[in-house]
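**Student:** A single structure is presented below for examination.
The values are calculated or read from the model by the stated rules, or taken from the named source; none is laboratory data. Remember, it's a predicted structure, so these values are computed and weren't measured experimentally. Neighbour counts are summed over all protein chains in view; Cβ atoms, including those assigned to glycine, are modelled from backbone coordinates with ideal geometry. Only protein heavy atoms, including side chains, enter the accessible area calculation; ligands, DNA and RNA are left aside. Shrake-Rupley method; radii C 1.70, N 1.55, O 1.52, S 1.80 Å.
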Amino acid sequence: MTSRTATFASVAAQADNLGDAELRAVAVAMLDAPGTDLHVYTGGMPGGYLRCLELPAGVLTHRRRLTFATALLRNAARRPVNFVLSPGPYVVPRGASVAKSWLLLALVLLVRARGGAVLALGRAVHTGGRTAPLPERLVARRTRIFVVRDASSALAFGEPALELMPDLALAVDRRPPDDGPREDVVISLRGDKAVSGELAATLAEQIRAAGFTPVFVTQVMRDDELHARLAEQTGADAILWGSNDHDVQLERVRAALSRAAWVVTDRLHAAIFGLQCGAAPVAVVGDPGKDKVVKCLDRLLPLPQVSRTGPTLLSEVFDDVRRKEALTAAGRARGDLLELSTRVRTAVSPEPEIGGTRD
């Protein structure tokens with residue numbers, strides 16, 4: 001017999017971003033291990049967002065921070081607890097905000113003292129080019145697993161480097177078993193960056209010239225206005241978010257990408273949703289060193305790039321051999337994340353009794 005542990009993680013994030021929901025869905029699936037009671041903080045996330053997570057049966061949800069923290073402390077008083085740092089972007093606190101880092105360190109030390117594990121899964125750490133404050137470095141040193149998704153994050157806390165792995169969302173494979181002809185190319189662009197009508201017209205024209213149909217698809221709700229405008233200007237179809245619930249829009253996005261050969265995007269998780277569904281990404285770039293798609297995917301797979309401002313030659317990009325190479329590379333990344341999942345489940349499971357074996 002082994003005692004049970006309790007594992008605590010937050011799934012609250014940007015409510016208008018399907019990529020954030022996907023990251024947390026994968027993290028929760030990894031944490032759903034035998035012998036641990038999983039507690040998740042949901043905050044004010046809407047029902048459609050939570051349905052995207054496909055929370056396992058038996059998960060204990062907390063809408064209020066106070067009840068989440070109280071449950072953690074009560075469990076820590078009687079058994080090992082595990083604490084999980086959220087995946088995705090993390091801006092390291094500065095100035096007066098460093099007090100939050102000291103509080104986090106105190107929580108981490110409590111978890112470790114009670115025999116639990118601290119895990120950081122799929123983080124993108126932003127330090128502003130400066131050395132991270134002491135409490136953040138101490139937190140990083142006391143984690144059982146600290147996985148980041150890009151090379152700059154790996155060195156965020158100095159040496160030794162953090163563990164570099166693919167983005168968690170690459171763990172998912174949704175390609176249909178009978179993958180028929182793909183006639184579309186999806187375009188998904190950030191609504192918070194300037195996109196000229198000329199660029200949109202060029203993309204749509206070259207997609208059609210290559211024998212495909214352009215379709216604008218919204219993965220982040222705030223991109224809807226841009227996609228609606230560009231679709232009207234180019235005479236293209238659009239899969240807009242509109243008033244749909246998150247889970248409904250997620251299925252519409254997946255369906256659109258399952259009909260597409262390529263996804264032209266500057267949204268990291270639009271690119272990854274594409275790889276999940278069999279569409280290879282083409283990165284739209286404009287900020288050297290800052291483009292998330294390039295930072296996270298270029299080291300993993302063949303990644304064609306087109307400039308936001310320069311000449312665009314998609315005729316040199318749409319090559320089926322290159323597309324298949326990208327999907328094969330995504331499969332290798334999926335294998336790496338499967339191994340990570342095994343390690344995570346081992347970390348949060350109860351320690352076996354002497355002479356026993358861990359589940």
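**Student:** Taking only C-alpha pairs under 8 Å that are 6+ residues apart, what is the relative contact order of the chain in percent?
**Tutor:** On the way: 687 pairs, mean separation 64.1, N = 359.
Answer for the chain is 18 percent.
**Student:** Something else now. About its Cα centre, what dipole magnitude does the stretch 1-71 give when the only charges are +1 on Lys and Arg Cβ and -1 on Asp and Glu Cβ, stated in debye to the nearest 20? Working shown, then result.
**Tutor:** Numbers: 6 positive and 6 negative charges, 60 e Å.
The calculation lands at about 280 debye.
**Student:** How much area per residue is accessible in the stretch 137-228 when the probe is 1.4 Å and only protein heavy atoms are counted (Å²)? Before the final figure, lay out the partial values.
**Tutor:** On the way: 4050 Å² over 92 residues.
I get 44 Å² per residue for this part.
**Student:** With a cut-off of at most 12 other beta carbons within 10 Å, and DSSP calling the residue loop, which chymotrypsin sites (Phe, Trp or Tyr not before Pro) in the stretch 247-324 qualify? Please list them. List each step's numbers first, then the result.
**Tutor:** Details: sites: Trp262, Phe273, Phe318; in loops: Phe318.
Counting only loop positions with at most 12 other Cβ atoms within 10 Å, none of the chymotrypsin sites (Phe, Trp or Tyr not before Pro) in the stretch 247-324 qualifies.
**Student:** Out of Leu31, Leu66, Leu119, any idea which swings most in a Gaussian network model of the chain, alpha carbons joined below 10 Å?
**Tutor:** Leu66
**Student:** Counting only protein heavy atoms, what percent of the accessible surface of the stretch 257-319 is carbon or sulfur at a 1.4 Å probe? Mind dumping the intermediate values first?
**Tutor:** On the way: 1080 of 2130 Å².
About 51 percent, which is the carbon plus sulfur part of the accessible surface.
**Student:** Projecting each Cα onto the charge dipole of the chain (Lys/Arg +1, Asp/Glu -1 at the beta carbon, about the Cα centre), which of Val11, Ala238, Val217 comes out farthest on the positive side?
**Tutor:** Checked the options; the winner is Val11.
**Student:** Roll a 1.4 Å probe over the protein chains and send me the accessible area per residue for the stretch 9-105 in Å². Write out the running numbers ahead of the final one.
**Tutor:** Numbers: 4170 Å² over 97 residues.
I get 43 Å² per residue for this part.
**Student:** In addition: With a 1.4 Å probe and every protein chain kept in, tell me what percent of the accessible surface of the stretch 1-49 is carbon plus sulfur.
**Tutor:** In the stretch 1-49, the share of accessible area belonging to carbon and sulfur is 57 percent.
**Student:** Next question. Once you keep just the Cα pairs under 8 angstrom separated by 6 or more residues, what percentage relative contact order results for the stretch 211-331?
**Tutor:** On the way: 163 pairs, mean separation 21.3, N = 121.
Dividing the mean separation by the residue count of the stretch 211-331 yields 18 percent.
**Student:** Give the longest segment of the chain that steers clear of GluC sites (Glu not before Pro) in DSSP loops with at most 14 neighbouring Cβ atoms within 10 Å, not counting the sites themselves. Walk me through the numbers on the way to the answer.
**Tutor:** On the way: sites that count: Glu54, Glu183, Glu353.
Formally, the longest exposed-site-free interval is 184-352.
**Student:** Quick one: grab the alpha carbon gyration tensor of the chain, order the square roots of its eigenvalues as a ≥ b ≥ c, and give me rounded if a/c is under 1.5, else prolate or oblate depending on whether a/b is larger than b/c.
**Tutor:** Details: a/c = 1.98, a/b = 1.82, b/c = 1.09.
Verdict is prolate for the chain.
**Student:** So who's got an amide H within less than 5 Å of the one on Gly191, skipping anything under 5 residues away but keeping other chains? H placed 1.01 Å off N, in plane.
**Tutor:** For Gly191, whose amide H was placed from the backbone, the distant partners under 5 Å are Asp223.
**Student:** Moving to a separate point now. Placing +1 at every Lys and Arg Cβ and -1 at every Asp and Glu Cβ, with all other atoms neutral, what dipole size does the chain have around its Cα centre, in debye to the nearest 20?
**Tutor:** On the way: 45 positive and 40 negative charges, 365 e Å.
In total the dipole reaches around 1760 debye.
**Student:** Quick check on the chain: helices-only [θ] at 222 nm, where DSSP H runs of length 4 and up contribute -39,500 (n - 2.57) each and the sum goes over total residues. Nearest 500, please. Could you put the intermediate results ahead of the total?
**Tutor:** Values: 12 runs with 143 residues, N = 359.
Mean residue ellipticity at 222 nm (helix-derived): -12500 deg cm²/dmol.
**Student:** Still on this model: Using amide H atoms built in the peptide plane, which far-off residues or other-chain residues are under 5 Å from Leu121 H to H?
**Tutor:** Amide H neighbours of Leu121, under 5 Å, 5+ apart: Leu85, Val147.
**Student:** Same structure, new question: What's the longest piece of the chain with no exposed trypsin sites (Lys or Arg not before Pro), counting a site as exposed if DSSP puts it in a loop and it has at most 11 other beta carbons within 10 Å?
**Tutor:** Working: sites that count: Arg78, Arg130, Lys290.
Counting only loop sites that pass the neighbour cut-off, the longest clear stretch is 131-289.
**Student:** Measure nothing but the geometry: give the 0 to 90° angle between the long axis through the Cα atoms of 268-277 and the longest principal axis through the Cα atoms of the chain, rounded to 10°.
**Tutor:** Its long axis makes an angle of about 80 degrees.
**Student:** Quick one: Cα centre-to-centre distance for the stretch 227-305 and the stretch 306-342, in angstrom?
**Tutor:** Centre-to-centre (Cα) distance: 12 Å.
**Student:** How long is the gain from Ala96 to Arg299 if the chain were fully straight, where each residue apart is worth 0.36 nm and the alpha carbon distance is subtracted?
**Tutor:** Working: separation 203, 0.36 × 203 = 73.08 nm, distance 3.62 nm.
Stretched out fully, the Ala96 to Arg299 stretch lengthens by 69.5 nm.
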